[in-house]
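The values are calculated or read from the model by the stated rules, or taken from the named source; none is laboratory data. Keep in mind that this is a model prediction, so the values were computed, not measured. A quick note on method: Cβ atoms are made from the backbone with ideal geometry, for glycine too, and the neighbour counts reach across all protein chains shown. Heavy atoms of the whole protein, side chains included, go into the accessibility calculation; ligands, DNA and RNA do not. Shrake-Rupley method; radii C 1.70, N 1.55, O 1.52, S 1.80 Å.
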Amino acid sequence: MSRSRKFKPAFNIGVFIPLVIILVAFAFATAYFRISAGLFVLFVAFGGYALFSIWAYLKTRNIAYFAAFLFQSFMATYFLTVPHGMLPIGTKAQAWFFYFCGLIVGVWLVYLMATNKGKWKGRNVFELAARQVNETVNGFTDRPRPAGKLEYTKSELFGFAEFVKRNLIAIPYIENNSVVFVPVKMGDEYIFLLGLVGDHRYHSWISFDFEGNVSASISKKDYLAFTEELAFDQLCDSLGKLFIEFMEYHKKNEGERVLHRLNSINRGFFS
């Protein structure tokens, strides 16, 4: 029997805004100049996305970002070399070679997204945390909540940080005596990857200090995204214990169990 959602789903319409801008720019350049100008707009757009994707891959080491970089690079090269392009530096056969390479990589990219390998899983994290909370006795506060204690070495903690980053679960921030994990939702990843997030402590976070203490805090924005006014202390406690569980799986080299739990929350393609 399916459970009702405790964390609001979101259709991220923001992903379509750049697409609309690119199409409008393409139409304008083609209508007021010539087709080569429109093709150059597409070259610049795909080239810009390729630069972001390779930056995101270097930050996360997530394979989907590398696939996106290849797809966008092939398509940018296609629009650069296709006949009537702004810089027709190749033959028609070469242009179509880049197009078909892009098409093949594009299929791979769609597969990675459909299997959640290329999706940020912040909403899944909050949904799993909320499922352990039934009380609605108090509302939001801004205080963090101790969630427990766990034994781990610094090496294990840093390894766990790489795991959650590579699998797009959270962004880790290494502080003087702790590692802080910030769950990232689809649509919010750009500000984190581009360093525009500001103080990460203003967002929801889970902290693992070097003494084994774990604490958690949920931001007001994320708290208001729950479908019920859940008990805040219990919600923070549940979030912290969820990451303790993830850490224990990782210590036993059972990271696939973490991904299985997160992927059990079925969401839309863009959320």
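The table for this structure:
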| read-out | value |
| --- | --- |
| Point-charge dipole on Cβ atoms (K/R +1, D/E -1) for the chain, about Cα centre, debye to 20 | 700 |
| Packing-based ranking, highest mean first, of 34-45, 190-201, 100-111 given that Cβ atoms within 10 Å are counted | 34-45, 100-111, 190-201 |
| Within the chain, helix-based [θ] at 222 nm, where runs of 4 or more DSSP H residues each add -39,500 (n - 2.57), nearest 500 | -17000 deg cm²/dmol |
| Label corresponding to Cα Rg over 2.2 N^0.38 Å when calculated from the structure given, among (1) 1.01; (2) 1.17; (3) 0.95 | (2) |
| Carbon and sulfur %, accessible surface of the chain computed with the full protein complex present, 1.4 Å | 63 |
| C-alpha long axis of helix 154-166 to longest principal axis of the chain, angle in ° | 40 |
| When each of Lys92/Lys121; Lys220/Lys252; Lys119/Lys252; Lys59/Lys92; Lys117/Lys220 is checked by Cα-Cα distance, pairs over 31 Å | Lys92/Lys121; Lys220/Lys252; Lys59/Lys92 |
| Interatomic Cα distance distribution for the stretch 18-116, bins of 10 angstrom, percent | 18, 41, 32, 9, 0 |
| Cross-link reach list, aspartates and glutamates versus Lys241, counting only Cα pairs under 15 Å and skipping chain neighbours closer than eight places | Glu127, Glu151, Asp209, Asp233 |
